[in-house]
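What follows draws every value from the coordinates through simple rules; no lab data is involved. A quick note: this is a predicted structure, and the numbers were derived from the prediction, not measured. Cβ: placed from backbone, ideal geometry, glycine included. Neighbour counts: every protein chain shown.
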Amino acid sequence: MHKGSCLCGAVTFEVDGELSAPDACHCSKCRKHSGHYFASTDVPKDRLTVHGAENVRWYQSSEKVRRGFCATCGSSLFWDPPQRDWIAVAMGAFDTATRTRLRMHIFVADKGDYYDITDGLPQNAQ
Ligand SMILES: [Zn+2]
């Protein structure tokens, strides 16, 4: 069981089972939503339990995706395509060991100019 929470603790969550290898998205929306770039792991929705879900606010950032954050502290938590059976959970929100490793970088064509990606992982322009 993997546990996570927002900064203030109004939202907590658990993921049952292993976490899949996360990716880091450098697109402009993820940069703004996260404050840097957004690393997240895709979790089947039936393996995610959210406590304090009434404290999650959702922002529809594109036609098919909404982003969830804590209404009190603003922590970026979820990237949700509602019509799919999985949801992306922010790596930074986990409190327990994730026991996984970053898999790749995506949308690096949109990345900020103030850092380099030097970890040797695959980079997709989109
Ligand atoms: Zn919070």
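Here is how the numbers come out for the structure above:
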| read-out | value |
| --- | --- |
| Sum of side-chain charges, Gly74 neighbourhood, beta-carbon under 13 Å (Lys, Arg +1; Asp, Glu -1) | +3 |
| Charge tally in the Cβ shell below 12 Å around Ala93, where Lys, Arg are +1 and Asp, Glu are -1, Ala93 excluded | -1 |
| Summed residue charge, Cβ within 14 Å of Phe13's Cβ, Lys/Arg positive, Asp/Glu negative | -3 |
| Phi to ³J(HN,Hα) by Karplus 6.51 cos²θ - 1.76 cosθ + 1.60 over region 41-50, Hz, x for Gly, Pro | 10, 7, 10, x, 4, 7, 10, 10, 10, 10 |
| Region 2-110, relative contact order in percent, only Cα pairs under 8 angstrom and at least six apart counted | 36 percent |
| Stretch gain in nm, segment Arg99-Trp86, where the contour uses 0.36 nm per residue and the Cα spacing is subtracted | 2.7 nm |
| Whole-number D in µm² s⁻¹ for region 42-126, Kirkwood Cα-pair radius fed into Stokes-Einstein, 25 °C, 0.890 mPa s | 165 µm²/s |
| The chain: Lys pairs at Cα distance under 16 angstrom, eight or more positions apart or on different chains | 4 |
